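A.B. asks: One structure coming up, written as structure tokens, with questions to follow.
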Ligand SMILES: Cc1cc2nc3c(=O)[nH]c(=O)nc-3n(C[C@H](O)[C@H](O)[C@H](O)COP(=O)(O)O)c2cc1C
């Protein structure tokens, strides 16, 4: 039996990939994830704001204009440039990436996170030079300006992708949010503009509200299995319709979640929350659960069942999705019918 899969043209020993997360912030963390049994590792993200702030500092130092330096920095959000006594974030990132790529025998993917065009994009080349097997470009952009037309948002994603693709020769995957009026067309456009893979989906940062302090509460919570449903829906709609690889990220807790993504058509299945919850060795549990299921079902390779439950190629996708919705609602009405008779 083979669990091998291809992602971004890279051959992986199995389809479970560590998505960008905090465990990757140290070399020991990266090694423990690799030892845990994943097929590849995505590093945590280096942020556009960090690179821009460092570039502004560099320009100011070279020009030796203290006043303009302070002014230049004021253009950028207050992401710390560096903790006292440490290297700039970008140098530390590159050094860790280089060490990670040399220390583990699986592909290490660099992660660049930003949402505007600019000089920071050229940093992608430095990640390539540091030994990244591929790049994941996280375009985290929330159109907070409520007047921005959807076409502008879509074009921004394409421009950033093309900028990064122009800077490197290694494969580039785009991690993005589901919130487009026609997500399928956005995915197809990214595919046409050279994305080697799509990572579905970014989790949208939604702060909670503390009703006592009357403050917003910023937090990133670990996902639950339910959050795998949206990415799976889109992976199953895109399977066989685009050239780019498909990665599912969100809601993986057990090997069943991995299997569901593969049945939908994913090339790889990523996880952060489960590695944080159970430790890096959980990857081996996910992989062995997948293996046992394949044995039970008589499958000898992932290609035997990948995309088995994807939206069939010969159907109208919109009608198919609507049909699923109507069927689900009809079933739910039957399930909860007794509530309406009890209340009458
Ligand atoms: C604590 C934490 C840190 C994260 N850091 C990053 C990051 O640096 N870059 C990124 O693209 N995604 C980051 N993510 C998102 C994950 O890579 C992943 O896409 C998301 O958590 C959904 O997957 P999960 O359900 O397996 O957690 C982070 C998630 C968590 C929980």
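The values are calculated or read from the model by the stated rules, or taken from the named source; none is laboratory data. Keep in mind that this is a model prediction, so the values were computed, not measured. Positions of Cβ are backbone-derived with ideal geometry, glycine not excepted, and every protein chain shown enters the neighbour counts.
A.B. asks: So residue 278 ticks every box in (1) more than 16 Å from the ligand (Cβ to nearest atom); (2) without any contact (Cβ under 8 Å) to a residue 24 or more places away in the chain; (3) surrounded by 12 or more Cβ atoms within 10 Å (Cβ to Cβ) but one. Which box is left unticked?
C.D. replies: Condition (1) is where residue 278 drops out.
A.B. asks: Looking at 174, 164, 168 in this structure, which one is surrounded by 15 or more Cβ atoms within 10 Å (Cβ to Cβ) and under 19 Å from residue 250 (Cα atoms)?
C.D. replies: Result: 174 is the single residue among 174, 164, 168 that is surrounded by 15 or more Cβ atoms within 10 Å (Cβ to Cβ) and under 19 Å from residue 250 (Cα atoms).
A.B. asks: Residue 257: modelled with pLDDT of 95 or more, part of a loop (DSSP other than H, G, I, E, B) and at negative phi, yes or no?
C.D. replies: So residue 257 fails the test.
A.B. asks: Another question, if that's okay. Restricting attention to the stretch 9-28, report how many residues are more than 9 Å from the ligand (Cβ to nearest atom) and assigned to a loop (DSSP other than H, G, I, E, B).
C.D. replies: Residues meeting the conditions: 5.
A.B. asks: Of all residues being touching a strand residue (DSSP E or B) at 6+ places or on another chain (Cβ under 8 Å) and farther than 13 Å from residue 177 by Cα in the stretch 216-234, which is modelled with the lowest pLDDT? Just the residue, please.
C.D. replies: So the residue we want is 219.
A.B. asks: Moving on to the next point. Just the residues that are within 13 Å of the ligand (Cβ to nearest atom) and either at positive phi or out of contact with any strand residue (DSSP E or B) (no Cβ under 7 Å at 6 or more places or on another chain) (or both), please, taken from the stretch 115-140.
C.D. replies: Of everything in the stretch 115-140, just one residue is within 13 Å of the ligand (Cβ to nearest atom) and either at positive phi or out of contact with any strand residue (DSSP E or B) (no Cβ under 7 Å at 6 or more places or on another chain) (or both), namely 115.
A.B. asks: So if I check each of 262, 290, which one is within 19 Å of the chain's Cα centre (by Cα) and either assigned to a helix (DSSP H, G or I) or over 18 Å from residue 224 (Cα atoms) (or both)?
C.D. replies: Being within 19 Å of the chain's Cα centre (by Cα) and either assigned to a helix (DSSP H, G or I) or over 18 Å from residue 224 (Cα atoms) (or both) holds for just one of 262, 290, which is 262.
A.B. asks: Also, quick follow-up: Could you tell me how many of the residues in the stretch 117-143 are at pLDDT below 90 and either more than 18 Å from the chain's Cα centre (by Cα) or surrounded by 20 or more Cβ atoms within 10 Å (Cβ to Cβ) (or both)?
C.D. replies: Residues that pass the stated criteria total 8.
A.B. asks: Another question, then. Filter the stretch 224-252 for residues that are in a helix (DSSP H, G or I), touching a helix residue (DSSP H, G or I) at 6+ places or on another chain (Cβ under 7 Å) and within 15 Å of the ligand (Cβ to nearest atom) and give the result.
C.D. replies: 225, 228, 232, 234, 235
A.B. asks: Quickly run through the stretch 33-59 and pick out the residues that are surrounded by fewer than 21 Cβ atoms within 10 Å (Cβ to Cβ), more than 17 Å from the chain's Cα centre (by Cα) and within 16 Å of the ligand (Cβ to nearest atom).
C.D. replies: Within the stretch 33-59, 37, 49 meet the criteria.
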